[in-house]
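One structure is given below, encoded as structure tokens.
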Amino acid sequence: MSIVLNEMERDVVTELFNIGVGHAAAAFGELTREKVQLAVPRVDIVNYTEAANQLATVAGEPMIGIRQDFEGPLTGVAALIFPERRSLEIVRAAIDDRFPLDDVSELERETLLEIGNIILNSCLAAISDMLGMPTSASLPHLVQSAPPDLLDTLSARTSIDRIVLFLHIDFSVSRLNVSGYLLFILGVEGSARFLEAVRGLIRRSEQGE
Amino acid sequence: MILPANIIDGLDSGVVVLDANRRVEVWNDWMAVHSSIAASAARGRDLLDIFPELGRSHLLQAVERALNHRLPTVMSHNLHPRVLPLFNRYGASVEPVEQSVVVRPVADGDSTGCLIQVADITAAVKRDRHLRDVTVYNRTLFEMAVDPMATVDRAGILRDVNPAFEGLAGTQRAGLLGSRFDAWFTKPVEAGRLIARTLADGRANDVLLSLRQADGQQRHVSLSAATVPGRADGATMVFLVARDLTERIEAERELARKTRIIEQSNAELAQFAYVVSHDLRQPLRTVSSFLTLIERRLGEAIEDDLKEFIAFAVDGARRMDRLIVDLLNYSRVGRQDAPLDEVDLGASLAEAMANLGTVVAESHAEVAVPEHLPRIMGSRSELVRLFQNLLANAVKYVETGKRPRVVVECRDGGSDWVLSVRDNGVGIPGDCLDRVFGLFQRLNPAEHTEGTGIGLAVCRKIVDHHHGRIWVESHLGEGATFFVSLPKEGATPEG
């Protein structure tokens with residue numbers, strides 16, 4: 001099963017998430033006193049297999065994800081995914097560490113968790129506020145795996161007919177540029193509800209004009 | 001049934017629960033101890049009222065997010081080191097608590113409350129800082145080291161290099177990391193074997209290899225390697241230290257080349273001296289024999305002045321022959337192939353005296369020699385010649401009519417034996433004390449005494465050959481004392 005977005009809908013969803021990550025960038029920049037930029041150039045709604053295929057194109061590199069489960073009118077799993085090596089660079093750029101340790105320290109993992117938390121929270125808050133879908137979320141935790149398994153790790157708790165909001169996210173902090181993925185894994189009903197809410201938003205804005 | 005409140009108070013971390021209006025509902029014992037605010041004093045109060053310094057802090061924003069959006073917040077230590085003013089008290093010392101804080105929504109009947117969990121991660125932070133200090137320290141040592149250093153993984157890939165290694169390879173760090181270690185060497189198989197052997201044995205020492213720089217130049221290095229044990233990820237690495245021997249090896253090669261040239265030219269010179277002295281003596285002999293023949297043929301009829309001329313000519317030829325023989329001897333000193341042997345200096349002195357037999361007898365000289373002289377490692381024939389030349393000089397340079405008196409002595413000079421030959425001769429002017437050891441340096445006009453000006457030059461060459469030293473102390477008219485110090489090394493004093 002698949003859900004197809006028309007051009008207008010895709011623009012609105014993309015805008016929605018850009019507002020979300022924009023808030024995250026502001027919050028993050030305030031914390032680190034670095035100029036932080038986040039952008040979501042494109043949103044796709046794909047089924048589980050397509051999502052797995054897209055992730056698999058990131059050839060064999062170990063990935064690290066920050067996962068938060070959310071529930072409410074929308075229930076599912078949200079995850080921010082980076083190549084593991086690059087994620088560490090983000091942390092070190094954020095805390096301006098000039099003499100990094102060879103191995104990832106616990107404190108650095110915790111900071112990565114917070115970075116993911118900020119971005120995922122902002123996106124969930126944008127969904128709540130703009131689509132009127134008050135969504136609560138669990139605490140974030142880290143998942144590590146190679147790309148094909150990562151999706152399984154993330155979506156084990158969701159139903160079989162999963163729909164994935166697949167977002168590319170560009171992250172830049174103090175001259176460092178990293179690309180990653182934002183995934184929102186929804187059930188069929190949830191994704192239908194999401195799409196309905198997006199169409200409702202479009203209708204309201206058209207009526208408002 | 002254990003009450004939840006007891007469990008919460010028993011936790012080794014801080015627990016605060018706020019109601020929808022941010023008022024404290026739960027304040028566990030840990031919070032009371034570390035904030036010095038009792039639960040009874042905290043309960044029912046706005047969090048901002050308890051900690052006014054929180055103001056527009058991230059913690060309050062997180063609380064708002066939990067209460068209004070039901071979203072949880074992780075506050076990591078790196079970005080929020082000390083969220084709340086909490087302290088550990090050890091007796092008199094007070095230390096801030098390094099914190100990791102989590103803020104999350106909790107259902108509170110129909111409304112939403114908020115749970116703040118505070119973990120004390122002071123120990124982890126200290127460990128991290130210590131680790132960081134050690135890392136900085138080690139990194140600094142690594143970066144500052146004069147010797148090239150590198151780390152290679154099990155697969156033989158370069159994983160780390162210091163600036164000295166960049167210099168050695170003539171390549172920047174970026175061009176080295178990720179490349180094959182063995183590919184940098186002129187003998188990659190041997191370089192690969194070094195890594196394999198280190199992985200097997202844990203160590204490898206002083207392996208000589210040649211590294212090829214990016215521009216093709218070669219550097220000769222001695223490599224020592226050891227495995228780096230106990231890495232957290234369990235992947236053994238090989239740590240290598242190189243010593244650049246290029247300059248030394250090139251200097252050694254240059255030295256060997258020069259030595260070869262010198263040896264060759266010395267051999268040629270020896271051959272030359274030998275040939276020259278033989279070939280020069282032959283015509284001299286012809287001159288003097290034919291002059292003697294002419295003198296004999298002329299017989300009694302010869303005029304007195306003609307007889308005198310022939311005598312001058314014969315004498316000249318004879319002196320030239322002496323000169324050639326002395327030069328030949330000089331050129332031979334230190335050139336004998338025979339190795340140094342243990343030599344009894346007493347026996348050498350006696351042999352020298354015997355060789356000088358008639359000279360000493362004719363001069364009526366009085367020569368005092370020590371009863372015992374040590375043994376040293378040296379060349380017997382050279383040491384005999386040394387004594388012979390010194391004694392001959394001592395007897396020779398005496399005012400006419402004065403009886404030569406010579407005293408030979410030997411004293412222990414620590415690491416050397418110091419021999420002295422003292423005479424009562426004419427002495428040497430102060431400004432000539434060094435000059436006397438030069439070749440063809442004569443202080444007395446030829447008419448006065450016999451000599452070629454080679455004797456003391458030979459002495460110095462013999463002493464040099466024995467790694468010793470020769471010098472003279474004298475005042476004009478008061479005799480002279482020649483000193484020879486010879487190293488004891490390998491020598492055994494007699495008696």
Subject >> Qualifying positions in segment A:140-152 - buried (at least 16 other Cβ atoms within 10 Å of the Cβ) and either facing another protein chain (nearest Cβ under 8 Å) or without any contact (Cβ under 8 Å) to a residue 60 or more places away in the chain (or both) >> reply: A:PRO140
**OP:** Among the numbered conditions (1) within 14 Å of another protein chain (Cβ to nearest Cβ); (2) touching a residue at least 24 places away in the same chain (Cβ under 8 Å); (3) among the small types (Gly, Ala, Ser), tell me where B:GLY170 comes up short.
**Re:** (1)
Original post:
What residue, among those in segment B:136-160 that are under 28 Å from the mean Cα position of the chain (by Cα), part of a strand (DSSP E or B) and more than 13 Å from every other protein chain (Cβ to nearest Cβ), is surrounded by the most Cβ atoms within 10 Å (Cβ to Cβ)?
Top reply: B:ALA150
Original post:
Does segment B:206-224 contain any residue that is out of contact with any helix residue (DSSP H, G or I) (no Cβ under 7 Å at 6 or more places or on another chain), part of a loop (DSSP other than H, G, I, E, B) and of a type in the set (D, E, K, R)?
Top reply: yes
Original post:
Only one residue in B:VAL136, B:VAL103, B:VAL161, B:VAL146 is among the β-branched types (Val, Ile, Thr) and in contact (Cβ under 8 Å) with a residue 24 or more places away in the chain, so which one is that?
Top reply: B:VAL103
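Do we find that A:ARG204 is out of contact with any helix residue (DSSP H, G or I) (no Cβ under 9 Å at 6 or more places or on another chain), charged (D, E, K, R), at pLDDT below 80 and exposed (fewer than 14 other Cβ atoms within 10 Å of the Cβ) in this structure?
On the way: out of contact with any helix residue (DSSP H, G or I) (no Cβ under 9 Å at 6 or more places or on another chain): yes; charged (D, E, K, R): yes; at pLDDT below 80: no; exposed (fewer than 14 other Cβ atoms within 10 Å of the Cβ): yes.
For A:ARG204, the condition - out of contact with any helix residue (DSSP H, G or I) (no Cβ under 9 Å at 6 or more places or on another chain), charged (D, E, K, R), at pLDDT below 80 and exposed (fewer than 14 other Cβ atoms within 10 Å of the Cβ) - is not met.
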Subject >> Any hit, segment B:249-270, residues being under 30 Å from B:GLU166 (Cβ atoms) and either among the polar types (S, T, N, Q) or surrounded by 12 or more Cβ atoms within 10 Å (Cβ to Cβ) (or both) >> reply: yes
Original post:
Across segment A:41-57, which residue is farthest from A:LEU165 (Cα to Cα) among those that are surrounded by fewer than 18 Cβ atoms within 10 Å (Cβ to Cβ) and within 13 Å of the chain's Cα centre (by Cα)?
Top reply: A:PRO41
Subject >> Among the residues listed as B:LEU439, B:LEU390, the single one being in contact (Cβ under 8 Å) with a residue 24 or more places away in the chain and crowded, with 21+ Cβ neighbours inside 10 Å >> reply: B:LEU390
**OP:** Report yes if some residue within segment B:31-41 is under 19 Å from B:CYS114 (Cβ atoms), of a type in the set (A, V, I, L, M) and within 60 Å of the chain's Cα centre (by Cα); otherwise report no.
**Re:** no
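Being under 27 Å from B:LEU328 (Cα atoms) and in contact with a Lys or Arg (Cβ under 9 Å, 6 or more places away or on another chain) is the filter here; which residues of segment B:385-424 pass it? I'd like the intermediate steps shown before the answer.
Looking only at segment B:385-424, we keep the residues that are under 27 Å from B:LEU328 (Cα atoms), and these are B:385-397, B:419-421.
If the condition is that a residue be under 27 Å from B:LEU328 (Cα atoms) and in contact with a Lys or Arg (Cβ under 9 Å, 6 or more places away or on another chain), then B:ALA394, B:LEU419, B:SER420 are the ones that fit.
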Original post:
Could you list, in sequence order, the residues of segment B:105-131 that are over 21 Å from B:ASP29 (Cβ atoms) and assigned to a strand (DSSP E or B)?
Top reply: B:PRO105, B:ALA107, B:ASP108, B:SER111, B:THR112
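Based on what the data block shows, is B:ASP9 loosely packed, with under 14 Cβ neighbours inside 10 Å and either in a helix (DSSP H, G or I) or modelled with pLDDT of 95 or more (or both)? Break it down into steps so the answer makes sense when it comes.
Details: loosely packed, with under 14 Cβ neighbours inside 10 Å: no; either in a helix (DSSP H, G or I) or modelled with pLDDT of 95 or more (or both): yes.
So B:ASP9 does not fit the description; no.
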**OP:** Kindly provide the set of residues from segment B:108-133 that are at the interface with chain A (Cβ under 9 Å from one of its Cβ atoms) and surrounded by 19 or more Cβ atoms within 10 Å (Cβ to Cβ), ordered by number.
**Re:** B:ILE121, B:VAL125, B:ASP128
Subject >> Where B:THR246 falls short, out of the listed (1) over 30 Å from B:ILE195 (Cβ atoms); (2) free of Cβ contacts under 8 Å to residues at least 40 places away in the same chain >> reply: (1)
Subject >> Among residues of segment B:70-107, those that are within 7 Å of chain A (Cβ to nearest Cβ) and in contact with a strand residue (DSSP E or B) (Cβ under 8 Å, 6 or more places away or on another chain), counted >> reply: 12
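Across segment B:367-383, what is the number of residues that are surrounded by fewer than 22 Cβ atoms within 10 Å (Cβ to Cβ), among the aliphatic types (A, V, I, L, M) and in contact with a Leu (Cβ under 8 Å, 6 or more places away or on another chain)? Walk me through how you get there before you give the answer.
Filtering segment B:367-383 for residues surrounded by fewer than 22 Cβ atoms within 10 Å (Cβ to Cβ) gives B:367-372, B:374-375, B:377, B:379-381.
Checking the rest, the ones that are also among the aliphatic types (A, V, I, L, M) come to B:367-369, B:377.
Retained after the next criterion (residues that are in contact with a Leu (Cβ under 8 Å, 6 or more places away or on another chain)): B:367, B:369, B:377.
Count: 3.
The values are calculated or read from the model by the stated rules, or taken from the named source; none is laboratory data. All of these numbers come straight from a predicted model, not from anything done at the bench. Don't worry about glycine lacking a Cβ; one is built from the backbone with ideal geometry, like all the others, and counts go over all protein chains shown.
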